[in-house]
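Taking it in order: structure first as C-alpha cells, then the write-up.
The values are calculated or read from the model by the stated rules, or taken from the named source; none is laboratory data. Quick caveat, the model's predicted, so the values are computed rather than measured. Reconstructed Cβ throughout: ideal geometry from the backbone, glycine too, with neighbour counts over all protein chains shown.
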Amino acid sequence: MEERDLKGYWKKNLQYMGILLSSWFIVSYGFGILLAPVLNEIQIGGFKLGFWFAQQGSIYTFVILIFVYVYLMNKLDREFKVQED
C-alpha cells in the first residue's frame with residue numbers, strides 16, 4: 001500500500017475509534033454517573049434507568065460497539081484493498 005493510502009486508512013480508522021469510544025464514554029460515564037439521578041426517575045422492569053445504565057448499559061453498549069467496529073473495519077479494509085482473503 002502506498003504511503004498516501006496508508007495515511008488515509010489510518011486517518012479513517014482513528015475517526016471510527018474516536019466516534020465509537022466517545023459514544024461508549026457518553027453511555028458509561030454520562031448516563032451511568034452524571035445523568036443517573038435524572039434517569040433514576042424512569043423505571044424499566046422494576047429497575048431505575050440510571051442504575052441499569054451504570055450496571056448493564058455500558059457493558060451492552062461496549063459489546064455492540066465491538067461488532068460495529070468489526071463491520072466498519074471490514075468495510076474499510078475492502079475500500080483500501082487490504083482485506084484478508
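Would you be able to say whether some residue in segment 50-63 is surrounded by 15 or more Cβ atoms within 10 Å (Cβ to Cβ) and in contact with a Pro (Cβ under 8 Å, 6 or more places away or on another chain)? Yes.
Within segment 52-85, can you find the residues that are in contact with a Gly (Cβ under 9 Å, 6 or more places away or on another chain) and without any contact (Cβ under 8 Å) to a residue 40 or more places away in the chain? Lay out the reasoning, then the answer.
In the first step, residues of segment 52-85 are kept if they are in contact with a Gly (Cβ under 9 Å, 6 or more places away or on another chain); the result is 52-55, 57-58, 80.
Matches in segment 52-85: Trp52, Phe53, Ala54, Gln55, Gly57, Ser58.
Against the list (1) at pLDDT 90 or above; (2) at positive phi, the condition Gly46 fails is (1).
Okay, residues lined up against (1) in contact with a Phe, Trp or Tyr (Cβ under 7 Å, 6 or more places away or on another chain); (2) outside any helix (DSSP H, G or I); (3) among the β-branched types (Val, Ile, Thr):
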position	(1), (2), (3)
Ser23	no, no, no
Ile26	no, no, yes
Gly32	yes, no, no
Glu41	no, yes, no
Phe53	yes, no, no
Tyr71	no, no, no
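Residue pairs whose Cβ atoms lie under 6 Å apart, sitting 6 or more positions apart in sequence or on different chains, and linking a residue in segment 34-49 that is within 21 Å of Trp24 (Cβ to Cβ) to a partner that is surrounded by fewer than 12 Cβ atoms within 10 Å (Cβ to Cβ), are Leu49/Ile42. Evaluate segment 3-20: report whether one residue or more is more than 23 Å from the chain's Cα centre (by Cα), under 30 Å from Glu84 (Cα atoms) and of a type in the set (Asp, Glu). Within segment 3-20 (the criterion being more than 23 Å from the chain's Cα centre (by Cα), under 30 Å from Glu84 (Cα atoms) and of a type in the set (Asp, Glu)), the answer is yes, since at least one residue qualifies.
Here Val70 qualifies as loosely packed, with under 11 Cβ neighbours inside 10 Å and under 13 Å from the mean Cα position of the chain (by Cα).
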